[in-house]
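The values are calculated or read from the model by the stated rules, or taken from the named source; none is laboratory data. These numbers come from a predicted model, not from an experiment. When we count neighbours, we look across all protein chains shown, and the Cβ atoms used for this are built from the backbone with ideal geometry, even at glycine.
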Amino acid sequence: MGDRVPDGPVASLAVGATVRAAAARGAAAVDVEDVREAVREQKAGNLVVLAVDASGSMGVERRMEAVKGAVVGLLLDAYQRRDRVALVTFRDEAADVALRPTGSVEVAQARLRQLPTGGRTPLAAGITAALDVAVRHHGEHRPLLVVVTDGRHTSGPDPTEAAAAVRRRGVRAVVVDAEEGRTRLGLARTLAGTMGATYLTLSELTVEALR
């Protein structure tokens, strides 16, 4: 918190700074010219961009339900934290910005009701589209990229370069591993390493974890 010479009505008096200003003049009492206004630092909120594999791979329904819960949960306290949330889904041959950056629970719930699923997995396209949203629309918000995937790609280019671009741009990132089944390849953990991202499992995708 700092202080300044006010240019209008004083919203919050900086007592210490006001007294110091009077003392600097050698005055025994505070005058109007000594008054200083408190300036409180406002913390920037986050722009959380979730990039979600909506392809037809195993567990897509559970994956989408976890993501919907996280989106709504983030938005429920977005006002206090000054956060915004965006959602990118990727399936078949391309990625789609399903929810542009918003702080509105109502808008999010309307968009989340009918998200299409199925098809192949263009992982590189999903990461690239989400990074673009994070970089273009963060404004004063701190971008956080959250990729929900099992790490497999069955459509488009290898995702290694797209993941490396996230690290190069210095965007904070989380990879949420949605891999299921007894045989696990660990591709999502490798992807997290390439991105310089925090690694979580799908069961750990909660509002508290993302905070």
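Brief remarks on what is shown
- Residues located in segment 85-102, provided they are under 17 Å from Val146 (Cβ atoms) and either small (Gly, Ala, Ser) or in contact with a His (Cβ under 6 Å, 6 or more places away or on another chain) (or both): Ala86, Ala95, Ala98, Pro101
- Residue, modelled with the highest pLDDT, within segment 196-211, restricted to residues that are over 20 Å from Ser55 (Cα atoms) and in a helix (DSSP H, G or I): Glu204
- Residue match in segment 81-97 (condition: assigned to a helix (DSSP H, G or I), surrounded by fewer than 17 Cβ atoms within 10 Å (Cβ to Cβ) and in contact with a helix residue (DSSP H, G or I) (Cβ under 7 Å, 6 or more places away or on another chain)): no
- Residue tally, condition of a type outside the set (S, T, N, Q), under 20 Å from Glu65 (Cβ atoms) and part of a loop (DSSP other than H, G, I, E, B), over segment 98-116: 3
- Candidates Gly193, Gly126, Gly119, filtered to the one that is outside any loop (DSSP other than H, G, I, E, B) and touching a Ser or Thr at 6+ places or on another chain (Cβ under 8 Å): Gly126
- Residue list for segment 82-94, filter: over 12 Å from Val48 (Cα atoms) and in contact (Cβ under 8 Å) with a residue 40 or more places away in the chain: Asp92, Glu93
- Given (1) under 19 Å from Arg62 (Cβ atoms); (2) touching a residue at least 40 places away in the same chain (Cβ under 8 Å); (3) surrounded by fewer than 18 Cβ atoms within 10 Å (Cβ to Cβ), number of the condition Leu185 does not satisfy: (2)
- Within segment 133-183, tally of residues that are assigned to a helix (DSSP H, G or I) and out of contact with any Ser or Thr (no Cβ under 8 Å at 6 or more places or on another chain): 9
- Residue match in segment 38-53 (condition: in a helix (DSSP H, G or I) and either at pLDDT 80 or above or aliphatic (A, V, I, L, M) (or both)): no
- Matching option when the condition is among the hydroxyl-bearing types (Ser, Thr, Tyr), out of contact with any strand residue (DSSP E or B) (no Cβ under 9 Å at 6 or more places or on another chain) and within 22 Å of Asp92 (Cβ to Cβ), among Thr149, Thr154, Thr190: Thr154
- Single residue of Val97, Val105 found to be of a type in the set (Val, Ile, Thr), without any contact (Cβ under 8 Å) to a residue 60 or more places away in the chain and under 19 Å from Ala134 (Cα atoms): Val97
For every residue, the table says whether it meets (1) closer than 18 Å to Thr128 by Cα; (2) surrounded by fewer than 17 Cβ atoms within 10 Å (Cβ to Cβ); (3) touching a residue at least 12 places away in the same chain (Cβ under 8 Å); (4) touching a Phe, Trp or Tyr at 6+ places or on another chain (Cβ under 7 Å).
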residue	(1), (2), (3), (4)
Asp150	yes, no, yes, no
Val166	yes, no, yes, no
Arg169	yes, yes, yes, no
Thr201	no, yes, yes, no
